[in-house]
Structure formats: structure tokens, C-alpha cells
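Novice: The structure under discussion is supplied below as C-alpha cells; questions concerning it will follow.
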Amino acid sequence: MANHLAQKTLSHYLLVDQALISGLTNMLINGLIAILIKQGSESIRFFGEEGVAVGLVITSFLLPFILTIINTQVVMRMIRSGQTFFVPPLKNDYLLTIAKQSYWVWGVLLGCVMASITYVVVELLRTYLANIVLNVTEYGILVACIAGFLAAITSPITAYSVMVRTQVLNDDFSK
């Protein structure tokens with residue numbers, strides 16, 4: 001029964017505190033930043049000299065990388081203060097090896113994965129996106145949605161990896 005409650009607490013923490021709150025926060029912050037940066041623009045295109053496609057791919061790398069570094073510190077502080085969660089032991093040696101990696105490596109890995117996904121989506125939709133012209137508000141909404149999605153995916157992965165890594169390292173030291 002205790003493991004069930006702890007697991008439910010972990011699920012709530014990952015889904016609400018990490019995915020939902022981080023996603024909404026990043027949605028608002030990054031959408032506002034995008035609007036402020038492009039405030040004087042009349043029209044915004046995806047491709048071309050002043051196109052935003054490359055910026056979206058770069059953002060898709062940088063945001064998960066930055067979130068991983070920040071979120072790692074937040075979760076580590078939570079663990080040190082005794083607010084821990086039940087994390088099922090990993091049986092897979094490959095996952096254990098990944099869990100032991102530096103958080104910089106996690107940030108780069110998540111950034112590369114998200115940037116690659118964004119690049120593939122933009123390229124697959126290139127024909128449709130080539131002729132679309134956005135106003136500043138539409139661009140802000142686009143950036144907000146992408147940032148919210150990236151944060152909602154990245155934050156729970158980072159939080160869980162910090163908890164697993166802490167448990168794995170503690171298990172290694174206690175042997």
C-alpha cells in the first residue's frame with residue numbers, strides 16, 4: 001500500500017508539477033518573449049532571410065538543455081530536503097548506464113532529440129509552411145505552444161532521471 005501511495009505521488013509530481021506547470025510557465029514566458037522580440041515586424045515567414053524555422057530548431061535544442069540544467073538543481077534541492085519519491089529500481093543495464101550520466105549530457109541529449117524532431121516536422125511541412133505569413137501574435141502563439149510542449153516533455157524526464165540517478169549513486173555507495 002505504501003508503494004502504491006508513493007507511486008501515485010510520483011505520478012502526480014511528474015504529471016502536474018513537472019509537465020503541466022513547467023509547460024504552462026514556459027508557454028507564457030517564451031510566447032511573451034517572442035512577441036516582444038518580433039514586436040516591430042509586420043509579417044513573419046518560416047523560411048528565407050528573416051525566416052523563423054532555424055530559430056525554432058535552435059530553440060528546440062536550447063530550451064530542453066537549459067530546462068535540464070535548471071530542473072536538475074530544483075529536484076536535487078527537493079531530494080536533499082527529504083521530499084523524495086519511490087523510484088522503481090532499474091533492471092536494465094543500458095538504462096542504468098544512461099542514468100549515471102552527467103546532467104549536461106542529459107541536457108545535450110534531450111536538446112538534440114527535440115531539435116531533431118522539430119527539424120523533421122518543419123521539413124515535412126515545408127511545402128505548407130513556405131507560403132504562410134504570420135503576424136506577431138500568431139508567431140508568439142506558435143513559439144508559446146512549441147515551448148510549452150518542449151517543457152512538458154523535458155521537465156518530467158529530467159526530474160525522473162535525477163531521482164533515478166540519485167538512487168543509483170546511493171546504491172553504488174552503499175555496496
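Novice: Quick check on P89: is it surrounded by fewer than 12 Cβ atoms within 10 Å (Cβ to Cβ) and either touching a helix residue (DSSP H, G or I) at 6+ places or on another chain (Cβ under 7 Å) or at pLDDT below 90 (or both)?
Specialist: yes
Novice: Now, a different point. Of the residues in the stretch 126-171, how many are of a type in the set (K, R) and surrounded by fewer than 16 Cβ atoms within 10 Å (Cβ to Cβ)?
Specialist: 1
Novice: State whether the residues of the stretch 55-76 include one that is surrounded by 15 or more Cβ atoms within 10 Å (Cβ to Cβ), farther than 18 Å from A115 by Cβ and touching a Leu at 6+ places or on another chain (Cβ under 7 Å).
Specialist: Among the residues of the stretch 55-76, not one is surrounded by 15 or more Cβ atoms within 10 Å (Cβ to Cβ), farther than 18 Å from A115 by Cβ and touching a Leu at 6+ places or on another chain (Cβ under 7 Å), which makes the answer no.
Novice: Name, by its number, the condition in (1) at pLDDT below 90; (2) under 17 Å from N26 (Cα atoms) that does not hold for V143.
Specialist: Of (1) at pLDDT below 90; (2) under 17 Å from N26 (Cα atoms), only one is false for V143: (1).
The values are calculated or read from the model by the stated rules, or taken from the named source; none is laboratory data. Since the structure is predicted, the reported quantities are computational estimates derived from the model, not experimental observations. No Cβ is skipped: glycine too gets one built from the backbone with ideal geometry, and neighbour counts run over all protein chains shown.
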